[in-house]
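Enquirer: First the structure, which I've put down as structure tokens, then a few questions once you've had a look.
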Amino acid sequence: ANTKVRITNAGNKPVENIELNPDTPEMIRPAYSKDEGFFIGKLNPGDSSSFDMSINLDEEINPDRHVINLDTIYEDTDSNEYNQVLETPLRVEGRPDLELKSIDNSMSAGASSELRVMIENTGDHTAESVTARALLEREQPFSLDTRSDYIGDIESGETAEAVLEIQAERTATLKEHQIKIQMRATGDSEEGDRSVYTFT
């Protein structure tokens, strides 16, 4: 994610050699070296300067208003050095989060069957245009008549079912097989979320 930071000289003297080093809280980290900061050459009184700060957010971060501290060092025109901690707010929006609920499927070797999976949205926002797709490993004794299923929207806290047609080879051995399911969704358009999310 990118957040735009604007720095303004609210004093009555020019300042220069402005160095800003982000100090991020838990679950938020810069998308670059921790030692890398930002530099602004000079700001006259009332002047502003902006820069984009790239950050990575942990998947477990709570939707809320968070704060990133900027350890700031600068000088006035008389070469007096100052140190100040500035705060920049960061609002983290909610998002959909799709999980597979446990469901057992069984079939006979050489037979065709419906592979049913239950998908729950445990996130804060609606998951839109949800599709489920089976990802078979080359050595697995299955083939798919329908590789993906379009489900539509799944609201927060709701569950929906996906159904895929699967066929087992005649030589398939009797055992439990694990099949990967990839779910793809777009964000909640009513919340202005245009992101595309994938879950496997």
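Enquirer: What's the number of the only condition in (1) surrounded by fewer than 15 Cβ atoms within 10 Å (Cβ to Cβ); (2) in contact (Cβ under 8 Å) with a residue 12 or more places away in the chain that A168 fails to meet?
Expert: Single failed check for A168: (1).
Enquirer: Now for a different question. State all residues of segment 57-82 that are open to solvent by less than 90 Å² (accessible area, probe 1.4 Å) and closer than 17 Å to F38 by Cα; if no residue qualifies, say none.
Expert: I68, N69, L70, D71, T72, I73, Y74, E75
Enquirer: Under 9 Å between Cβ atoms, at least 6 apart or on separate chains: pull out the pairs that start in segment 95-114 with a residue that is closer than 30 Å to S195 by Cβ and touching a residue at least 24 places away in the same chain (Cβ under 8 Å) and end on any residue that is assigned to a strand (DSSP E or B) and of a type in the set (F, W, Y).
Expert: Note: pairs meeting the criteria are R95/Y197; P96/Y197; D97/Y197; D97/F199; L98/Y197; L98/F199; E99/F199; L100/F199.
Enquirer: Determine whether G152 is among the small types (G, A, S) and within 19 Å of E59 (Cα to Cα).
Expert: Numbers: among the small types (G, A, S): yes; within 19 Å of E59 (Cα to Cα): no.
No, not satisfied.
Enquirer: Just give me the residues in segment 1-31 being assigned to a strand (DSSP E or B) and under 14 Å from Y82 (Cβ atoms), in sequence order.
Expert: The initial filter retains those residues of segment 1-31 that are assigned to a strand (DSSP E or B), namely 2-8, 15-23, 28-30.
Within segment 1-31, I7, V15, E16, N17, I18, E19, L20 meet the criteria.
Enquirer: List, please: which pairs have Cβ atoms under 6 Å, are six or more places apart or on different chains, and start with a residue in segment 63-85 that is aliphatic (A, V, I, L, M) and end with one that is part of a loop (DSSP other than H, G, I, E, B) and open to solvent by less than 90 Å² (accessible area, probe 1.4 Å)?
Expert: Matching pairs, first to second residue: I68/T24.
Enquirer: Suppose we keep only residues that are farther than 25 Å from S189 by Cβ and among the acidic types (D, E) within segment 87-127. Which one would you say is surrounded by the fewest Cβ atoms within 10 Å (Cβ to Cβ)?
Expert: Going through the qualifying residues, I end up with D104.
Enquirer: Can you name the residue in segment 32-68 that is part of a strand (DSSP E or B) and charged (D, E, K, R) and is also nearest to N12 (Cα to Cα) among such residues? Steps first, answer last, please.
Expert: We begin by selecting, within segment 32-68, every residue part of a strand (DSSP E or B); these are 38-43, 48-57, 64-68.
Still in the running and charged (D, E, K, R): 42, 52, 64-65.
Details: K42: 14, D52: 26, D64: 35, R65: 31 Å.
So, considering only residues that are part of a strand (DSSP E or B) and charged (D, E, K, R), the one nearest to N12 (Cα to Cα) is K42.
Enquirer: Could you tell me whether segment 30-42 includes any residue that is in contact (Cβ under 8 Å) with a residue 24 or more places away in the chain, open to solvent by less than 30 Å² (accessible area, probe 1.4 Å) and under 22 Å from the mean Cα position of the chain (by Cα)?
Expert: Yes, that holds for at least one residue.
Enquirer: Is it the case that I18 is hydrophobic (A, V, I, L, M, F, W, C), in contact with a strand residue (DSSP E or B) (Cβ under 7 Å, 6 or more places away or on another chain) and closer than 23 Å to E191 by Cβ? Even if it seems obvious, please write down each step before you answer.
Expert: Details: hydrophobic (A, V, I, L, M, F, W, C): yes; in contact with a strand residue (DSSP E or B) (Cβ under 7 Å, 6 or more places away or on another chain): yes; closer than 23 Å to E191 by Cβ: no.
Here the answer is no, as I18 does not meet what is asked.
Enquirer: Counting only residues that are of a type in the set (D, E) and surrounded by 13 or more Cβ atoms within 10 Å (Cβ to Cβ), which one in segment 171-193 is nearest to V117 (Cα to Cα)?
Expert: Here is the first cut: in segment 171-193, the residues of a type in the set (D, E) are 176, 188, 190-191, 193.
Adding the requirement that they be surrounded by 13 or more Cβ atoms within 10 Å (Cβ to Cβ) leaves 188, 191, 193.
Values: D188: 23, E191: 28, D193: 26 Å.
Once the filter is applied, the top-ranked residue is D188.
The values are calculated or read from the model by the stated rules, or taken from the named source; none is laboratory data. Just so you know, these numbers come straight off a predicted model, no measurement behind them. We place every Cβ from the backbone using ideal geometry, glycine too, and count neighbours over all the protein chains shown. For the accessible areas, the whole protein counts, side chains as well, though only heavy atoms, and no ligand, DNA or RNA atoms are used. Shrake-Rupley method; radii C 1.70, N 1.55, O 1.52, S 1.80 Å.
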